[in-house]
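Below is one structure, written out as structure tokens; the observations come after it.
The values are calculated or read from the model by the stated rules, or taken from the named source; none is laboratory data. Since the structure is predicted, the reported quantities are computational estimates derived from the model, not experimental observations. Don't worry about glycine lacking a Cβ; one is built from the backbone with ideal geometry, like all the others, and counts go over all protein chains shown.
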């Protein structure tokens, strides 16, 4: 297929595809799906070989968020029956992180619900980073605390954070459809603050919220423009008790096309298979490893993931290897760019919808499958051991 040959060539040269080319990936047929995966796999292997980076989430503060993001089980007004608790103590968070590191995770992601941290919260997280690094000096720490204020990114870097994560989630044109308590530009500004402070920037998207192909391409192009180092690709987990309960528009094939489009637009970036992979990709998860080079190990913030042991077996069975400690994830040129950003940091510092259609093109609703969503009842904030 000429399209795929063109995209592979551009990916190997780090050239940006056109929007039409990105849209064309999303509209390929199921007959062409394996060719799409294989083409994206060529780009993935060129920059990352057969390595898979493991990341592990620690939910420092769960639930009771004042923001109204429609997809989130922790949102204002959520009736989802999730765990709610205030800040974990540093030793509790360190114990939770240890489970992920023992499973092979190179990065521990410290996440807290809320609009954004106070300066006191940042100091609390700084203490948690110190506790984790005392036992695992080389582990990458990524903080995900919401919208940042002046000086907070620099303080996190000083405390030992390697990266900051704040997803754009969806295209700017439709952002107000999923959230009214902050704006798309607020998220962009936080990603820029983190990068300016010398932190590795992590920002991604959530697919399956009713967006169009054009919306998906727009948000991925926005991430490319921000030049982020890692792009988590989440697939909507339609929690009961949230406005998006019952939205099951994604198919495994659709998910693979989205991942491939992200890889072609962001060829040399850490593309991470994130929340919702188990319930939407299901038995096709191993195929996704040919496109992404990073996954979350075990559970997510408020939902249970595939068992960590099963993740490791899946990686090995698919012919990939877990990225070893001390291995550089990013290609040399991206690490050089990141080092330059650190040196420069101040010291104080819409197209057709997817889904089933009938013969006249009318979109058919998918039956809801709430039985596939397992709310997390273990790990950090509980007396039960984590899933890792």
- Return only the number of the condition from (1) modelled with pLDDT of 95 or more; (2) under 20 Å from residue 306 (Cα atoms) that residue 82 does not satisfy. (1)
- So which helices (runs of 4 or more DSSP H) stay within segment 188-287 end to end and still have 3 or more residues that are within 28 Å of residue 156 (Cβ to Cβ) and modelled with pLDDT under 95? none
- Could you list, in sequence order, the residues of segment 81-101 that are out of contact with any helix residue (DSSP H, G or I) (no Cβ under 7 Å at 6 or more places or on another chain) and over 14 Å from residue 55 (Cβ atoms)? 81, 82, 83, 84, 85, 86, 88, 89, 92, 95
- Query: Which residue out of 16, 110 is surrounded by 24 or more Cβ atoms within 10 Å (Cβ to Cβ) and within 25 Å of residue 266 (Cα to Cα)?
  - Reply: 110
- Message: Condition check: within 30 Å of residue 82 (Cα to Cα) and at pLDDT 65 or above. Does residue 373 satisfy that?
- Response: yes
- Are any residues in segment 302-353 assigned to a helix (DSSP H, G or I), at pLDDT 95 or above and touching a helix residue (DSSP H, G or I) at 6+ places or on another chain (Cβ under 8 Å), and if so, which ones? 314, 317
- Note on the structure: Of the candidates 161, 197, 171, the one satisfying the condition of being crowded, with 18+ Cβ neighbours inside 10 Å, in contact with a strand residue (DSSP E or B) (Cβ under 7 Å, 6 or more places away or on another chain) and under 17 Å from residue 228 (Cα atoms) is 161
